[in-house]
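So the structure is just underneath, and the comments pick up after that.
The values are calculated or read from the model by the stated rules, or taken from the named source; none is laboratory data. What you are looking at is a predicted structure, and each value in this text was computed from that prediction instead of being measured. Cβ sites come from the backbone with ideal geometry, for glycine too, and all protein chains shown count toward neighbours. What goes into the accessible areas is simple: the full protein's heavy atoms, side chains included, and nothing from ligands, DNA or RNA. Shrake-Rupley method; radii C 1.70, N 1.55, O 1.52, S 1.80 Å.
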Amino acid sequence: METLMENEVFRAFTTYAAIVILKMLLMAPLTAYYRITRGAFSNDEDVAMKATEERKKLLRTHPDVERVRRCHQNDIENVIPFVGLALLYTLTGPELSTALLHFRIFAGSRICHTISYVCALPQPCRGLSWMVGILTTFSMAYRVLSTVLLI
Amino acid sequence: METLMENEVFRAFTTYAAIVILKMLLMAPLTAYYRITRGAFSNDEDVAMKATEERKKLLRTHPDVERVRRCHQNDIENVIPFVGLALLYTLTGPELSTALLHFRIFAGSRICHTISYVCALPQPCRGLSWMVGILTTFSMAYRVLSTVLLI
Amino acid sequence: METLMENEVFRAFTTYAAIVILKMLLMAPLTAYYRITRGAFSNDEDVAMKATEERKKLLRTHPDVERVRRCHQNDIENVIPFVGLALLYTLTGPELSTALLHFRIFAGSRICHTISYVCALPQPCRGLSWMVGILTTFSMAYRVLSTVLLI
């Protein structure tokens, strides 16, 4: 087990996987922050402390909350497949420099994506950063399938 | 490969990862159960067997179905990052007792979270159990990044 | 690390995990395709190039877009747990033929599921393919928990 962590590519994978998973996890507190500041909740028990007439008003959707939730959802759709494929890619034994290039581009693209999404920057900021991330993932998947195909 | 499973920490990880993933998977049959008992579907083909006048009435959302779906979504947002980070954490070679403490607290917190959510227990049941789970995940991420940082 | 990839079961796992993750990732471009052809967007910045009177009309939901999004969500709920449990299952050292059987049935069931969902085939096409996939996952989870239980 320790031999895996002695491998530099595996350590690079571990670092970047932890970074992008943490980035994804932080979307949950951000959603909570928007829910509280915008006053937009989805569960009865979340507004039980408020006065009765106020409750109904707080059980609503708010554009800012929906935006940050879509951003979170996009992270789930892209970051988790990246982590899975990056693990398989790492185990095919790529060059450290090539692997780092993939991991750095992906992590950078997802940070750009989150900023573009949450701040509603004009397109194609968000579109491009999403595209760069998914192409990096496809490139790793190509390496994995061309190295170890057993159907 | 067998050497991984001879390691006790890895076996503990395997056990708890399987348990929390299974718990997450069981939300799907639970959603199906609520959809059928509450009569709230989202696809035309799911209500094709009913009489024509009944169909439109069944294509709707129902608060109980939406609640169990939000609970499922919260599992996806928290359980999958836990499994990813717990794998990396396990490979850094922690003490068995510390690892078990993390895994047990997380699994317990998610079971409390699901019960609080589906039964709509008053806050802060759900909020606290979510918080305990995410803090356990952050603690593992801290250990991973402080042990094997290669950027 | 190379020893993992010399193992045939692990190579089979790698191949099928990459295939189902890729299938899941391809739902994102498919959603984009439906959004553009159906003219149904969810972000202001996505329609900023259009004339002002057209913008509001394009910020809407469309049944076809919602259908492909539900299909994507179902992939997330089923494919990611499969990949996690299949990794643990592979590390328990199963027979190659048994492992291949699990992986092939799951991959086939998810492809049938996507076709049934996107093309809105009459039930029970979608229900059955979903059921086959989740039963395969449960079968692997049973093997994992019965082989390496450490609570």
Checklist entry - If contacts are Cα pairs under 8 angstrom and at least 6 residues apart, what is the relative contact order of the range B:2-148 in percent? => result 28 percent
Next on the checklist: Can you give me the solvent accessible area of residue A:62 with a 1.4 Å probe, rounded to the nearest 10 Å²?
Outcome noted: 40 Å²
Item to check | Nm distances between copies for residue B:101, ranked from closest, using label points 7 Å along Cα→Cβ | outcome: 4.4, 4.4
Checklist outcome for this item: Using a 1.4 Å probe on heavy atoms of the protein chains only, the accessible area for residue C:50 in Å², nearest 10, reads 90 Å²
Checklist outcome for this item: Out of B:46, B:64, B:75, a Gaussian network model of chain B with alpha-carbon springs under 10 Å gives the largest mean-square fluctuation to B:46
Item to check | Peptide-level mean, for A:71-79, of C-beta atoms on other protein chains within 10 Å | outcome: 4
Checklist entry - Where is the GNM fluctuation largest for chain B (alpha-carbon springs, 10 angstrom cutoff): B:110, B:70, B:55? => result B:55
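Protein chains only, probe 1.4 Å: how do C:36, A:111 rank by accessible area, largest first? Write down the numbers at each step before the final one.
Values: C:36 120, A:111 85 Å².
The ranking, largest first, comes out as C:36, A:111.
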Checklist outcome for this item: Most fluctuating of B:97, B:116, B:139 in the GNM of chain B (C-alpha, under 10 Å) is B:97
Item to check | Zone residues, the range A:74-95, relative to residue A:151, backbone N less than 19 Å from point 7 Å out along Cα-to-Cβ | outcome: none
Checklist outcome for this item: Rg/Rh of the range B:71-151 (Cα atoms, Kirkwood Rh), to two decimals, equals 1.03
Item to check | the range C:2-148: C-alpha gyration tensor shape, a/c 1.5 cut-off, then a/b vs b/c | outcome: prolate
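Ignoring ligands, DNA and RNA, what accessible area per residue does the range C:2-148 give at 1.4 Å, in Å²?
Details: 6470 Å² over 147 residues.
Per residue, the range C:2-148 has 44 Å² of solvent-accessible surface.
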Checklist entry - Using unit Cβ charges (K, R positive; D, E negative) and no other charged atoms, how large, in debye to the nearest 20, is the dipole of the range A:2-148 about its Cα centre? => result 560 debye
Checklist entry - Where in the range A:121-151 is the amide nitrogen less than 11 Å from a point lying 7 Å along the Cα-to-Cβ axis of residue A:105? => result A:132-140
Checklist outcome for this item: Descending accessible area (1.4 Å probe), largest on the left, turns A:16, A:34 into A:34, A:16
Checklist entry - Assigning unit charges at the beta carbon (Lys, Arg +1; Asp, Glu -1) and nothing else, what dipole magnitude in debye, to the nearest 20, does the range C:58-100 show about its Cα centre? => result 240 debye
Item to check | Inter-part distance where the range C:41-103 and the range A:39-65 are each reduced to a Cα centre, Å | outcome: 29 Å
Checklist entry - Roughly speaking, to the nearest percent, how much of the protein assembly as shown's 1.4 Å accessible area is carbon and sulfur? => result 63 percent
Checklist outcome for this item: So, with points 7 Å from each Cα along the Cβ direction, the residue A:142-residue B:43 label distance in nm works out to 3.3 nm
Checklist entry - Other chains' Cβ within 10 Å of C:84-96 residues: what's the mean? => result 4
